[in-house]
């Protein structure tokens with residue numbers, strides 16, 4: 001008999017209202033139950049939610065234990081009037097499930113509530129057996145916002161950059177850490193400028209190994225990245241020199257803006273070494 005295990009595959013792009021009230025970005029952990037017919041009556045669930053101004057994205061870990069899990073991506077929307085959050089799972093990113101279990105593509109229908117200092121997402125889920133259009137046994141979800149993840153936290157990368165990175169063969173280089181910056185806000189802006197005379201330096205930028213900028217020229221106008229940081233998670237921003245310009249080495253000024261703080265870091269990369277900055281968000 002094939003059991004229906006709660007794991008994903010569906011893409012519906014959605015947009016949230018720009019003025020969503022609660023800070024949904026972060027790690028939400030708890031339990032997910034399933035009525036008779038599933039592999040297990042109860043699972044653990046971790047949602048890593050990235051709620052930017054115009055979208056909700058993230059990763060979900062459905063797991064019975066650390067050896068039996070499925071990691072998926074999702075998109076969603078939040079209604080700040082009703083405090084309702086709907087998330088729809090998309091792609092299976094990683095899976096380790098028993099042979100008699102099959103993935104389910106799930107939709108979460110959750111309500112946000114704050115109880116004192118605690119924040120909760122509770123509600124229902126339903127799903128369809130991947131590729132077979134058969135309903136999976138549904139269940140309930142109860143999650144609390146926390147500052148610790150049980151699994152690695154993903155950096156969001158669009159499909160174009162993901163496909164490009166798979167086709168690239170960047171030569172491995174030693175990484176030199178120029179600075180480690182601790183901030184108290186999850187909203188971080190990173191800007192890169194040419195440091196000195198503009199001499200056609202181009203750079204590729206990776207964050208925790210994910211390609212986010214490719215062969216971009218450094219000028220007096222910034223190359224900009226916006227990072228929604230998860231608490232207590234280290235982000236390593238690496239500047240990989242594509243060339244050395246007409247005046248070696250490849251140098252840049254990085255401006256990190258986090259709340260009211262602005263931090264300048266001077267970076268220098270060569271064909272042997274890449275410069276990096278580490279960012280760490282610690283909530284107050």
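Shown is the FRET efficiency for residue 243 and residue 132, computed with R0 = 51 Å from the Cβ-Cβ distance and rounded to the nearest 0.05: 0.50. Each principal axis of the Cα cloud of the chain was evaluated for its coordinate range; sorted largest first, these ranges are 68, 42, 29 Å. The Kirkwood radius of segment 20-156, taken over pairs of alpha-carbon atoms, gives through the Stokes-Einstein law at 37 °C and 0.692 mPa s a diffusion coefficient of 217 µm² s⁻¹.
For segment 159-284, the Stokes-Einstein estimate of translational diffusion at 4 °C and a viscosity of 1.567 mPa s comes to 88 µm²/s, using the Kirkwood hydrodynamic radius over alpha-carbon pairs. Extension gain for residue 151 to residue 84 (0.36 nm times residue separation, less C-alpha to C-alpha distance): 21.5 nm.
When the helices of the chain are scored as -39500 (n - 2.57) per DSSP H run of n ≥ 4 and the total is divided over every residue, the value at 222 nm lands at -1000 deg cm²/dmol.
Each value in this text was obtained by applying a stated rule to the coordinates, not by laboratory testing. It should be emphasised that the depicted structure is a prediction, and the values quoted were computed from it without experimental measurement. All Cβ positions, even for glycine, are placed from backbone atoms using ideal geometry, and neighbour counts span all protein chains on display.
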